[in-house]
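Below you'll find the structure, written out as structure tokens, and then a few comments.
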Amino acid sequence: MKKHVLAALFLLVGWSCLQAQGPPITADKPIMLGGNSFTTKTLMEFRNTQRGDFAYIPLMLHYLPSSNSLLAVHIPLIDYRIDGGTSGTELSDIKILGKYQFYRKDATGKTFRMVLKTIQQLPTGPSLDMMDIATGEYQSYFGWIAGYETLQYGISSEIGYNWMPNGNLSAFQQKLGFGLPLLKPQYPNKQLNLYFEYANVWVFERSWYQLLYAQGIQYARKNITFDLAVQVPLVNDVAEGRKLNQSVFLGARYTF
């Protein structure tokens, strides 16, 4: 697992994004950049579970046709080491993402926005039965995001449903994130932000429930950002042998 973390650190150089306060790390937000802009990004997850270790390394290409819409494709690799089982490195499930901002209200030094979101996950990866990163099954997610941001803090919330028609990992999901800038607004852009992010996941067909907490830090300089977060379970009501121990996220993005 250590060699994958070291390799990912080298991959981060030259990747990353710029926004008023920077985007959340494990959550999402309704703030979008101007139209006709591109973002190249990654958010690598190194997941340690009772079942084994999984390294999820996606290449994400985002395009904003307008200031209130976004289209994206996520092409991930996964490296897995299942205890007492198989191991390998291969292409994982490709994701196609769309977002549409249907409400926006701006005021001096603050903004409130709402977005509709969908993710279509294609069964291009191995059937590892690992939620979010490698299932080998088609999935369709629909969600709603609301966010309020000021110069002093940011709050974002997401509620959604992930449907797996040919499997039993359909789930209701809810995320809540808080961002705290540590530096005063300045030009050229330079930011250091703390993030406190929660995720509720209820896989009702298996009677699984997780409440996850992620502590993150983000550094932004001009149009580049770097992210680091550690996620741990606060409630881990999952079948024995399948529980999450922790995940480490390393991310970066570049907007042009």
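The values are calculated or read from the model by the stated rules, or taken from the named source; none is laboratory data. This one's a predicted model, so the numbers in the text were calculated from it and none came from an experiment. Cβ coordinates were reconstructed from backbone atoms using ideal geometry, including for glycine residues, and neighbour counts include every protein chain displayed. Calculation scope for accessible area: heavy atoms of the full protein, side chains included, ligands and nucleic acids excluded. Shrake-Rupley method; radii C 1.70, N 1.55, O 1.52, S 1.80 Å.
Here Cα extents along the principal axes in Å was computed from the coordinates, and among [x] 56, 36, 33; [y] 71, 51, 30; [z] 53, 50, 38 the match is [x]. Using the Karplus relation 6.51 cos²θ - 1.76 cosθ + 1.60 with θ = phi - 60°, the per-residue 3J(HN,Hα) values for region 233-249 come to x, 8, 10, 9, 7, 10, 3, 4, x, 10, 6, 7, 8, 6, 10, 10, 10 Hz, with x marking Gly and Pro. Structure note, pairs Lys29/Lys95; Lys99/Lys222; Lys99/Lys184; Lys110/Lys184: Cα-Cα distances above 20 angstrom occur for Lys99/Lys222; Lys99/Lys184.
Annotation for region 131-176: chymotrypsin sites (Phe, Trp or Tyr not before Pro) lying in DSSP loop with at most 16 further Cβ atoms inside 10 Å of their Cβ are Tyr138, Tyr153.
Model label points for Tyr103 and Lys184, set 7 angstrom from Cα along the Cα-to-Cβ axis, are 3.5 nm apart. Put +1 on the Cβ of every Lys and Arg and -1 on every Asp and Glu Cβ in the chain; which of Gln173, Val248, Leu151 then has its Cα farthest towards the positive end of the dipole? Working it through, the farthest residue towards the positive pole turns out to be Leu151.
Which residues in region 85-119 have a backbone N closer than 19 Å to a point placed 7 Å from the Cα of Arg242 along the Cα-to-Cβ line? Backbone N within reach: 85-86, 93.
Here the Karplus curve 6.51 cos²θ - 1.76 cosθ + 1.60, taken at θ = phi - 60°, turns the phi angles of region 33-44 into couplings of 7, x, x, 6, 10, 10, 10, 10, 8, 8, 9, 7 Hz, with x standing for Gly and Pro.
Helix 2-12 and the longest principal axis of the Cα set of the chain meet at an angle near 30°. Multiplying the residue separation of Ile217 and Phe38 by 0.36 nm and removing their Cα-Cα distance gives an extension gain of 62.1 nm. The residues of region 173-226 expose on average 54 square angstrom of accessible surface per residue, using a 1.4 Å probe on protein heavy atoms. Dividing the summed -39500 (n - 2.57) terms of all DSSP H runs of n ≥ 4 by the residue count of the chain sets its mean residue ellipticity at 222 nm at -1500 deg cm²/dmol. Distances between placed amide hydrogens fall under 5 Å for Ile94 paired with Leu122, Thr124, Gly125, all partners being 5 or more residues away or on another chain.
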